[in-house]
Amino acid sequence: MMRVSASFLNSKNPPLDLEKLNDTDVDFIHVDIMDGKFVKNKTMPFREMKNIYKYTDKRLDVHLMVRNPEKYIPLYAELNTEYITFHVELEDKIEENLELIKKYGIKSGLAISPNTPVKELVPYLPLLDIILVMSVEPGMGGQEFIDDTMDRLAELRVLLKEYNSHAIINVDGGVNRMTRSRCDYSDMVVAGSYIINGDNFQERIDSLR
Ligand code: DX5
Ligand code: ZN
């Protein structure tokens, strides 16, 4: 069964939507963090963000769209966090930051943007628990799923057979009832607006399983 991680980036009322998600069987809450440098948009600071997680008992899947992951990892490691991912495009200090995440006993991952060749992940694959394949340009919710994502997932699946059979694949951006069929090579999908804009969250989650 496909695992589902719910993003509330586009939510107009995060406390309420997180409480509603608590009553579903969603596997994780996907936490999008933007610093206004790696991407143009900026999410609220940690001192505000941390209060939001009082509304959920679900484990968190943290997606850092930031230029300096080492500043954010110690903060988000304090919460009920299962995964922390940051971007392979940073090129710098990747091994150190993966180590830092592991030091907190948290599963570590790399995210990859749509225009970055999948093979850039190869040197790091043995070090990863999760790979977050972006199916939209990082920076905002509610965008359209990019078509060639399915080929990228297939390519990554082959690479994982060779380099790391325990890591899981997660897809992020534009996932809905229609685009879900292009995510079969993945183990997990992130869905934001598709779930949040529905009247019945559980029904929307079921349609992604
Ligand atoms: C995009 C974010 C995604 C996004 C998902 O930068 O990383 O997590 O919020 O939202 P939807 O499902 O609306 O594309
Ligand atoms: Zn995300």
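The values are calculated or read from the model by the stated rules, or taken from the named source; none is laboratory data. Keep in mind that this is a model prediction, so the values were computed, not measured. FYI the Cβ positions are ideal-geometry reconstructions off the backbone, even for glycines, and counts take in every protein chain you see.
Picking from 138, 117, 126, which residue would you name as being modelled with pLDDT of 95 or more, within 9 Å of ligand 1 (Cβ to nearest atom) and within 18 Å of residue 88 (Cβ to Cβ)? I'd like the intermediate steps shown before the answer.
Details: 117 fails: within 9 Å of ligand 1 (Cβ to nearest atom); 126 fails: within 9 Å of ligand 1 (Cβ to nearest atom).
138 is the lone residue from the list that is modelled with pLDDT of 95 or more, within 9 Å of ligand 1 (Cβ to nearest atom) and within 18 Å of residue 88 (Cβ to Cβ).
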Counting only residues that are surrounded by fewer than 16 Cβ atoms within 10 Å (Cβ to Cβ) and closer than 18 Å to residue 147 by Cα, which one in region 162-190 is farthest from ligand 1 (Cβ to nearest atom)? 184
Residue 193: of a type in the set (S, T, N, Q), farther than 22 Å from residue 117 by Cβ and either buried (at least 22 other Cβ atoms within 10 Å of the Cβ) or more than 12 Å from ligand 1 (Cβ to nearest atom) (or both), yes or no? no
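Among the strands (runs of 3 or more DSSP E) confined wholly to region 71-135, which include 1 or more residues that are hydroxyl-bearing (Ser, Thr, Tyr) and either in contact with a Phe, Trp or Tyr (Cβ under 8 Å, 6 or more places away or on another chain) or under 21 Å from residue 146 (Cβ atoms) (or both)?
Values: elements: 81-87, 107-112, 130-134.
Ranges flagged: 81-87, 107-112.
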Those residues that are over 18 Å from residue 65 (Cβ atoms) and either part of a loop (DSSP other than H, G, I, E, B) or within 11 Å of ligand 2 (Cβ to nearest atom) (or both), I need them from region 146-175; list them, please. 147, 148, 164, 165, 166, 167
